[in-house]
Amino acid sequence: MWVAVFIVTTAICAVGWLTRYISCAALVYYMKMKEYKLPNNEEMEECTQFVTRHLFRQS
């Protein structure tokens, strides 16, 4: 019984992860196609910190 539950939850997570990966890859492709400047490592670190702070901010 528990094995079935774990299989189902793992499958649900796998679909979510695949969907997220495809969405991010599509966004990067769009940025390259429109010739937007991709962020460098410093900009990515700044953006990651911003998103992390706002994601875990308590309302």
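The values are calculated or read from the model by the stated rules, or taken from the named source; none is laboratory data. Bear in mind that the values here come from a model prediction, so they are computed numbers and not experimental data. Ideal geometry is used to build each Cβ from the backbone, glycine not excepted, and the neighbour counts take in all protein chains shown. For accessibility, only protein heavy atoms count, side chains too; no ligands or nucleic acids. Shrake-Rupley method; radii C 1.70, N 1.55, O 1.52, S 1.80 Å.
Applying a threshold of 6 Å to beta carbon distances and a minimum spacing of six or more residues, or different chains, the list of pairs starting in the stretch 8-34 at a residue that is on the phi > 0 side of the Ramachandran plot and ending at one that is surrounded by fewer than 10 Cβ atoms within 10 Å (Cβ to Cβ) and not aliphatic (A, V, I, L, M) is empty.
Matching residues to (1) more than 16 Å from the chain's Cα centre (by Cα); (2) open to solvent by 100 Å² or more (accessible area, probe 1.4 Å):
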position	(1), (2)
Val5	yes, no
Thr10	yes, no
Ser23	no, no
Met44	no, no
Phe50	no, yes
Leu55	no, yes
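Per the conditions (1) assigned to a helix (DSSP H, G or I); (2) among the small types (Gly, Ala, Ser); (3) at pLDDT below 95, the sole criterion not satisfied by Ser59 is (1).
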